[in-house]
Amino acid sequence: MTAPGATVLVVEDDDETRAVLVRELGSRGYRIQEAADGQSALERWESSRPDVVLLDLGLPDMDGLEVIRRIRREAMTPIVILSGRYAEREKVEALERGADDYVTKPFGLEELHARLRVALRRAAGPGGDVGARITVGPLVFDVSRHEVAIDGRAVDLTPREFELLRVLLGEQGRVVTKGKLLRAVWGQAYQGEDSYVYVHVSQLRHKLAAADPDGALRDLIVTEPGVGYRVRAPDGGEPAAQT
Ligand code: CA
């Protein structure tokens, strides 16, 4: 199983290891961003919002734990650690700081793919299944393939619209504040720019409505006045947070 379309940020200062990772993950259909130190990793993450971060903890300019802390301050982007064989405390601390999983060096590529798949699946939220797909009525949101379809017909979303829908679907049944959407989709620098959220949610609703002539998804994204938005719970049932 592959994850075509998902973007992975590879953070590794060892050129040889990084080259192997970039080549192998690229051949499996991932889109790749790469960084050789902590500062450029944070800049890449801020500018491109990858789907998953593969992070070596031993970086030349910054402790990898600091990279986790800075990312977690803003978003729940899955982070998979590349760690030394006997660095148990390091792994535990990374996980306690919000990393999702780790791979021990030297790692097998199959193990690495498995960790990344699980991390991407977890990122899909409570509605995600083994294929990292979320289904709401006629809507199918495929995280790993970066595809959205209604009644089997693809819906063409911009990257921002896709991210917005992903964050909302990850919180099915729960309110998501505008601030959280801004931080997750645009980044900390856009704090207070609520109009970005209004405009993009409006565009997203129009695109979904155009692809949904039966109106089955009319109430998919509900506005919570003054707070944010709420995506309909699965099958119109109770909010996921209460189950
Ligand atoms: Ca290193």
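Quick notes
- Shape call, the chain: gyration tensor on alpha carbons, a/c limit 1.5: prolate
- Gyration tensor (alpha-carbon) shape descriptor, the range 1-55, a/c threshold 1.5: oblate
- Under-5 Å amide H pairs with V53, H placed in peptide plane, nonlocal only: L9, I79, V80
- Per residue, the accessible area of the range 148-187 comes to 36 Å², computed with a 1.4 Å probe over protein heavy atoms only.
- Rounded Å value of the spacing that divides the Cα centres of the range 184-222 and the range 11-38: 33 Å
- Relative compactness, the range 13-109, computed as alpha-carbon Rg over 2.2 N^0.38 Å: 1.00
- ³J(HN,Hα) computed for each position of the range 102-108 - Karplus, 6.51 cos²θ - 1.76 cosθ + 1.60, integer Hz, glycine/proline x: 9, 10, 8, 6, x, 9, x
- The chain: angle of helix 109-123 to the longest principal axis, Cα-based, in degrees nearest 10: 30 degrees
- Around the Cα centre of the range 171-223, unit charges on the Cβ atoms of Lys, Arg, Asp and Glu (plus for the first two, minus for the last two) sum to a dipole of about 140 debye.
- A DSSP coil position with no more than 14 other Cβ atoms inside 10 Å describes the following chymotrypsin sites (Phe, Trp or Tyr not before Pro) in the range 1-95: Y86.
- Relative packing of 149-160, 196-207, which averages over residues the other C-beta atoms within 10 Å, highest first: 196-207, 149-160
- In the context of the full set of protein chains, residues of the range 9-130 present 47 Å² of accessible surface per residue (probe radius 1.4 Å, heavy atoms only).
- Accessible surface of the range 21-179, 1.4 Å probe, proportion on carbon and sulfur as whole %: 48 percent
- The magnitude of the dipole of the chain, with charges of +1 and -1 set on the Cβ of Lys/Arg and Asp/Glu and taken from the Cα centre, is near 580 debye.
The values are calculated or read from the model by the stated rules, or taken from the named source; none is laboratory data. From a predicted model like this one, the values you see are computed outputs, not experimental measurements. Note that each Cβ is placed from the backbone with ideal geometry, even for glycine, and that neighbours are counted across all protein chains shown. Note: accessible area is taken over every heavy atom of the protein model, side chains too, but ligands, DNA and RNA are not part of it. Shrake-Rupley method; radii C 1.70, N 1.55, O 1.52, S 1.80 Å.
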